[in-house]
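Written below as structure tokens is the structure these notes are about.
The values are calculated or read from the model by the stated rules, or taken from the named source; none is laboratory data. What you see is a predicted model, and the numbers here were worked out from it, not measured in a lab. Here the Cβ is made from the backbone with ideal geometry for all residues, glycine too, and neighbour counts use every protein chain on show.
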Amino acid sequence: MANRRAPGRDAIDGVLAGLYGDDEPLHADAAGAAGSTGAGVLEQISAYPRIEPVPHWHLISYGMTELYEKTSDNHRHSGCGFEFTLRVARAPTEIEPPTWALNLLRYLAEHQAEIDAWWSSRPVRLGGPIAPNLDTQLRAVMFVGDPELPWIETVHGDLGFLQVVGLTLDEVQAAELWSVASFEKLFATKFPLYVTEPSRASALADPEFAAAAAAGSAEHGSYTNRLVMDVRWSVVDGAAVVTVGAADVDSLRRMIQARLPYDRSLLVAGPTHRIRFVPGTSFRVREYPAHQPDKPYHHLALRVPQAAVATLADVLYPETGDHPVPGLPLTVHIERSETRSGGTGEIVDTVG
């Protein structure tokens, strides 16, 4: 194995040498054991200790791309087309990167096909804290181009470095209600190099930051065209019933208000059902059967006139039960939402 050619690895090493010179990184696997090899699709994670702009670890994955031979049919990109990076705050006494950060990269690598990080312009909610054993508000991530690592060409195709950035849930909503790209630029003014600090408060606790995000959303609306949540629907005699969880209904209301008045549609995607809210001159309900056997989604299109957007938004509040929309053949059914512990499965919170 020691003599096996690894032109992809050499290319990554080369770009890191351009940034760090002769500095030797720690090599860790996703369990945090320095010097060993990684599990899953990752072979290795390199960790560089940094001082500026704040003390942090700069982590870089090896294994999302083709390190040895070309095995995919995609000749444009090497493997997935990117390696993950992560910058996580470092305490003065730390001599190794935190285990949770390594495990996060491993998790994202194993689930990247589901997360669709490369093609996604949306943040991803993790379903729990970014660091399970820490007191943290960070429960989501967004993906940005690593600000210090360029695109590179390898013999197996090109690749970029996609940096993972921890977010709070209200930051996710602020990004979705505006433009993710614009939110990223604003975020970088407060957190240079997008360093993730698990103990930090939400950026929206800063009045200037919150005001800038709100102003951008008010002026331009939302450029997020897809909202992922557990939603279902049924249609009887031309009247539609939309079912959504109490924990999600506020996000749905805000997104409808940030999309439809700006003449933009909104797709709400659930595990089995999808609804597209479309601006129009009159209300219309239209069902679409599932077309692809491998994607058996049931589609519903609701055309909503501008005059009815506020009426629809008024019934979207987290109280369980049926919420008829006045003047429209549409009812929103709100279900109680439950949050369960990832370790025990016990209910730890309810909404509605």
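Numerical summary
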quantity	calculated
Matching residues in segment 163-222 - criterion: being surrounded by fewer than 18 Cβ atoms within 10 Å (Cβ to Cβ) and of a type in the set (S, T, N, Q)	Ser182, Thr189, Ser199, Ser202
Scan of segment 306-331 for residues that are of a type in the set (A, V, I, L, M) and either touching a Pro at 6+ places or on another chain (Cβ under 8 Å) or not assigned by TED's automatic domain parsing to the domain that holds Leu252 (or both), ordered by number	Val309, Val315, Leu330
Which listed residue is at pLDDT below 95 and under 28 Å from Glu184 (Cβ atoms), from Arg264, Arg259, Arg226	Arg226
Any chance Ala247 is within 15 Å of Ile334 (Cβ to Cβ) and in a helix (DSSP H, G or I)	yes
Conditions (1) part of a helix (DSSP H, G or I); (2) without any contact (Cβ under 8 Å) to a residue 12 or more places away in the chain; number of the one not met by Thr71	(1)
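So that you can scan it fast, the table gives a plain yes or no per residue for (1) out of contact with any Asp or Glu (no Cβ under 9 Å at 6 or more places or on another chain); (2) in a loop (DSSP other than H, G, I, E, B); (3) crowded, with 20+ Cβ neighbours inside 10 Å:
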residue	(1), (2), (3)
Met255	no, no, yes
Arg264	yes, yes, no
Ile275	yes, no, yes
Val278	yes, no, no
Arg286	yes, no, no
Arg303	yes, no, no
Ala313	yes, no, no
Asp322	yes, no, no
His333	no, no, no
